[in-house]
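The structure appears right after this line, and notes come after that.
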Amino acid sequence: MKRLKVFSLPKLALIGILFLLIGLTINVKILAFLFSPDRRIESPITRIMIYSFQIILISSGTICLYKRKSANIARIVSNLSLLFGSIILTFFMLELFFRAFNLFPPLTAEPKPLYRYNSLLGWEFIPNISCRSVLRYKKSTIVNTNSAGMRDMEYSIKKPEGKKRIVVLGDSFTSNVNVDLKNVFTEVMEKLLPRNWQVLNFGVDSFGPQQEFLMLENRAIKYEPDIVIMVIFIGNDFTDMLDTHLGYKKSPLARFDKDGEIIFENISVPLSKKVDQEPKRKALISFGNFHLSFIRDRFLNKNKTDIVRLQEIKLFKKKPDARIAETYRLMSAIIEKTYHFSSENDASFLVIIAPTIYQVYDNIYWSSIKKAHNCEGEKYDIFLPNDVIRNTCGDLGIHVLDLTPVLKKHALSGESMYYFPERHWNKRGNRLVAEAIVGYLLDSGLVNEINE
């Protein structure tokens, strides 16, 4: 009895041509255009996967054409085609299953836009909105904003009689959309402080220090604060002053004029469609965010974070280049400007240094960072940016609290304070931050332990 031939010899040439066409068509640019809302695929792992798949297809197609008269090659191609076809089909079926039942939601998911364009600040939270934020390894968080666009409770502009107020400025480490509002450190602070103190959260995701100052000058100061707190995140707040954040949200930029005075440029901020509009084309496949990858991350990378794209590495260089040196000067100037503006409005000023996860867990990551970035240890200091801020505050007599020591202490004891892949504080991290800030406010005399 003759064995059934899956592919006849003439069909082998057709298969080779098909493999070549698919291999040439499935490339990074075309896949990004078809399936990625921003038409980019930045994940190195995803790009390597695509390139590898292309190489396999093109190589297979070439072999099929070159050996189109070989029965052995026909049989091998037949088996390999069935194998790869089965693997790919299984992958996509599982992917569709996980998406259908939302077992592993993507990194963030917001059914409604959370931001809107602002000509002065670049963007802001939309007032009076309720939005869902989804983070890996936890349930979704409902993000509500008040009538002033703050991720906070409703507050009257006029300070109630007998009340004291703290205004907190910052970026996503202050807004903390990945934890419930009651667990955000500003809310915890309000519970720990004497009852006559209110803590107002003016943090907005992705803000830089220049936007935080403008927020204070044009909005937050109207709430009559007694204390102004600026939370400076080491990871990107330095470079945010010179660059549009992440390359798509346009923002005001900080510069020095010819007299050495700090000024803000790019105002009115050019409109960025990315802020206001959701992508018109929904991604069939979210490259870099396959739901199946969360199985790997949940069990293997839950307590790990990426060190490949460490943007703050240049800040750690003891002899920084001209651009980084300017960011240090700009940071010092904005701190000083915010301090004087607060003083002119009868408010005390406190700078909070929010370290990166690599600084908190430097005993784990620093050696790997130096190896990944080919750094010579003696030429780098992972805590150099913190020193710049502390020295500036010390010279000007400004209150400053570096959270690094307290977070490192708890990290060494094995406590989990971060959502590791996202590098932001979890509920426990927010609690520790609140306790540290309140402790400093009480110890420094900025806040009395009894109702004033």
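The values are calculated or read from the model by the stated rules, or taken from the named source; none is laboratory data. Source: prediction; values computed, not measured. Methodologically, a virtual Cβ is constructed for each residue, glycine included, from the backbone with ideal geometry; neighbour enumeration extends over all protein chains shown.
The table below gives the values:
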quantity	calculated
Residue pairs meeting the criteria (Cβ under 9 Å; at least 6 apart or on separate chains; first over 25 Å from V400 (Cβ atoms), in segment 363-387; second of a type in the set (S, T, N, Q))	G377/S367
Pick from segment 1-59, criterion among the aliphatic types (A, V, I, L, M) and in a loop (DSSP other than H, G, I, E, B), ranking: modelled with the highest pLDDT	I26
Of all residues making up segment 145-158, the number that are touching an Asp or Glu at 6+ places or on another chain (Cβ under 9 Å) and either more than 18 Å from K191 (Cα to Cα) or of a type in the set (S, T, N, Q) (or both)	7
Residue check, V188 at pLDDT 95 or above and surrounded by 19 or more Cβ atoms within 10 Å (Cβ to Cβ)	yes
Selection within segment 407-426 - crowded, with 18+ Cβ neighbours inside 10 Å and assigned to a helix (DSSP H, G or I)	L407, A411
Residue among D381, D387, D402, D395 that alone is buried (at least 16 other Cβ atoms within 10 Å of the Cβ) and acidic (D, E)	D402
Unmet criterion (only one of (1) of a type outside the set (G, A, S); (2) closer than 30 Å to E265 by Cβ; (3) modelled with pLDDT of 70 or more; (4) over 19 Å from the mean Cα position of the chain (by Cα)) for L114	(4)
Subset of segment 197-224 [of a type in the set (S, T, N, Q) and either within 23 Å of the chain's Cα centre (by Cα) or modelled with pLDDT under 95 (or both)]	N201, S206, Q210, Q211
Residue among S206, S147 that is in the same structural domain as R423 (by TED's automatic domain parsing) and over 29 Å from R255 (Cα atoms)	S147
